[in-house]
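The values are calculated or read from the model by the stated rules, or taken from the named source; none is laboratory data. Quick caveat: nothing in here was measured; it's all calculated off a predicted structure. When we count neighbours, we look across all protein chains shown, and the Cβ atoms used for this are built from the backbone with ideal geometry, even at glycine.
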Protein chains: 2
Amino acid sequence: MDIVKKLLKGDKRTLARAISEVEDGNTSILKEIYPHTGNAYYIGITGPPGAGKSTIVDKLTSKLLVRNKTIGIIGVDPTSPFSGGALLGDRIRMSDIATKEGVFIRSMASRGNLGGLAHTTKNVALLFDAAGMDCIFIETVGVGQVELDIAGVCDTTIVVLVPESGDSIQTMKAGLLEIADIIVVNKADRDGADRIVAELRFVSELRGKTQGWEYPVMKTIAREDKGIDELISLIDSHKEYLERTGNFEQARKQRIKLRVQELIEEGIKSRIEKDIIKPEVMEKLVEKIYTREKDPFQSAEEITSSLF
Amino acid sequence: MDIVKKLLKGDKRTLARAISEVEDGNTSILKEIYPHTGNAYYIGITGPPGAGKSTIVDKLTSKLLVRNKTIGIIGVDPTSPFSGGALLGDRIRMSDIATKEGVFIRSMASRGNLGGLAHTTKNVALLFDAAGMDCIFIETVGVGQVELDIAGVCDTTIVVLVPESGDSIQTMKAGLLEIADIIVVNKADRDGADRIVAELRFVSELRGKTQGWEYPVMKTIAREDKGIDELISLIDSHKEYLERTGNFEQARKQRIKLRVQELIEEGIKSRIEKDIIKPEVMEKLVEKIYTREKDPFQSAEEITSSLF
């Protein structure tokens, strides 16, 4: 197939076309390119809006380009139902990266279906992988289910906070820290940087004792390019740690398992809606549950049992 | 069954016990109490951390108690894996409400499983409903999938913002506004209140033209009890609107349908993990996908097809 061959050669226009197809739900191309995937290193970047995630990704990208790496960047905005929300805005402001050879950027928004967004993002990442990107950054805002799902496909997940995050994202912290391999406090020249770093180090230490990786907390001032080299070293160290301990292969296999289960569930789900329960049967059942003649729990169990 | 009888009489200790059972995954009690549910009015309150959601719920509760209503409050914190996170902290600070006759409060945190959290919250709400609560407030932080799921079970959803929300939650707005029936700008004595109200009204007007409800935007200063009476009137108006237009019954039936589908999916999902694919078969499949001998898409399709 012509499109597959061109994609594997890294042709940007073909990649854009393949992404559109995958976004429209066409999986046949994914089956064809899958044998050529698995070579890219996946890096997740997440954190609250305004933390400077895009700036960090841009600075990292510039430095990796010097090392002759090809870079794919996927900006995911689960909160925006409009394609090209805040993230795309950020991107446009730093268009110098977008125009460089060896860099491919794609912004994705929710279209109102969050489950679908995480799913599509993973598929688009596979296309980047097949197109020969050495490194794929997946940038997400916040700490919802989409972020957790996406962190699940990344080899290294970086959580970016700012000194001001201290209070306002208090409630987000626990969730964010759970998925972080590296924690970055950006805009570290602002008041309160040392305090939040100390707090985060305290939490990381508690966590480090039960795992084989120390969950480093570091400062950056991305806009001034400060701390970016150190961050790259940390990403390298994390990769090296994963490979040395066998965690890399193990984690990727675990991800494959979850992915297969997810795809099976999705397949079954679409069948439930289409074939398994006829609309008129469902309507009658709903009526009976609404009038409390039946209950949803028993009804669902009976339907599930009848399937097997 | 003794526990069911006591629960239906509104016994607080029995309710607490039933909640624990439901949190542990026991659904048998839900089947028994289901015929006695459907009488409570469900109100969702969501918005960013620090917007004053708990204060608003407390003030609303005080006023509804005067009207002889019984109130259930469920605080849901998807970002905290520790039971009793920020929300419980808030609650403790305003313990005057918690101790009142006719009020039952429960805080829920994620335990690391966000899908499960929304699910359990809905089940706990059913227990509140069966225990005779006239009104159930479900309070959530943020705008993730959990909030969207929970908004899906509420008759009226109130989104609470503050003047400062203007920029920082820019990216959250679209998602939040989608689920709001009533928008409240709390702490409205602060700078920027008029501006954010104007912005939100503009967005609401666009939306109002395509729906039968005008999505009001109002100001409160909950701490000083300002705007709370007006908010209660708006909730009443929304309820009256839903009933008048037939949307109340229609929306509840739609929710029942989604719930049944969700329960079936869950039943199938747990069977997939337990029975359908034997661990050794899955392990071999994962190995083949890892080495790129197979692809996850085709594999999942084959398994799904074999089920039907």
*Among the residues of region A:191-206, is there at least one that is part of a helix (DSSP H, G or I) and within 14 Å of another protein chain (Cβ to nearest Cβ)?*
yes
*Return the residue satisfying two criteria in turn: it lies in region B:288-301 and is of a type in the set (D, E) and more than 13 Å from A:I268 (Cβ to Cβ), and of such residues it is surrounded by the most Cβ atoms within 10 Å (Cβ to Cβ).*
B:D295
*Of the criteria (1) touching an Asp or Glu at 6+ places or on another chain (Cβ under 7 Å); (2) at pLDDT 85 or above, which one B:A109 fails*: (2)
*asked:* Restricting to region B:62-74, count the residues that are surrounded by 24 or more Cβ atoms within 10 Å (Cβ to Cβ) and within 26 Å of B:A193 (Cβ to Cβ).
replied: 0
*Among B:E224, B:E230, which is the only one that is surrounded by fewer than 15 Cβ atoms within 10 Å (Cβ to Cβ), in contact with a strand residue (DSSP E or B) (Cβ under 7 Å, 6 or more places away or on another chain) and assigned by TED's automatic domain parsing to the domain that holds B:V159?*
B:E230
*Select from region A:5-29 the residues that are farther than 19 Å from A:I105 by Cα and either under 20 Å from the mean Cα position of the chain (by Cα) or loosely packed, with under 15 Cβ neighbours inside 10 Å (or both) and list them in ascending order.*
A:K5, A:G25, A:N26, A:T27, A:S28
_Candidates B:I235, B:I264, B:I256, filtered to the one that is buried (at least 19 other Cβ atoms within 10 Å of the Cβ), closer than 30 Å to B:I183 by Cβ, within 9 Å of chain A (Cβ to nearest Cβ) and of a type in the set (V, I, T)_ = B:I256
*Before we move on, is B:S299 more than 7 Å from chain A (Cβ to nearest Cβ) and either part of a loop (DSSP other than H, G, I, E, B) or under 37 Å from the mean Cα position of the chain (by Cα) (or both)?*
no
*surrounded by fewer than 19 Cβ atoms within 10 Å (Cβ to Cβ) and outside the structural domain of A:D181 (by TED's automatic domain parsing): does that describe A:L285?*
no
*With the condition kept exactly as written, say whether any residue in region B:232-252 is part of a loop (DSSP other than H, G, I, E, B) and touching a residue at least 24 places away in the same chain (Cβ under 8 Å).*
no
*Subset of region B:19-49 that is in contact (Cβ under 8 Å) with a residue 12 or more places away in the chain and more than 14 Å from chain A (Cβ to nearest Cβ) - its residue that is nearest to B:V124 (Cα to Cα)*: B:I19
*Kindly indicate the residue of region A:27-51 that is among the β-branched types (V, I, T) and closer than 26 Å to A:H238 by Cα and also modelled with the lowest pLDDT among those meeting that condition.*
A:T46
*asked:* Restricting to region B:278-296, count the residues that are more than 8 Å from every other protein chain (Cβ to nearest Cβ) and among the hydrophobic types (A, V, I, L, M, F, W, C).
replied: 1
_Complete set of residues in region B:38-57 that are assigned to a helix (DSSP H, G or I) and either buried (at least 23 other Cβ atoms within 10 Å of the Cβ) or touching a Gly at 6+ places or on another chain (Cβ under 6 Å) (or both)_ = B:K53, B:S54, B:I56, B:V57
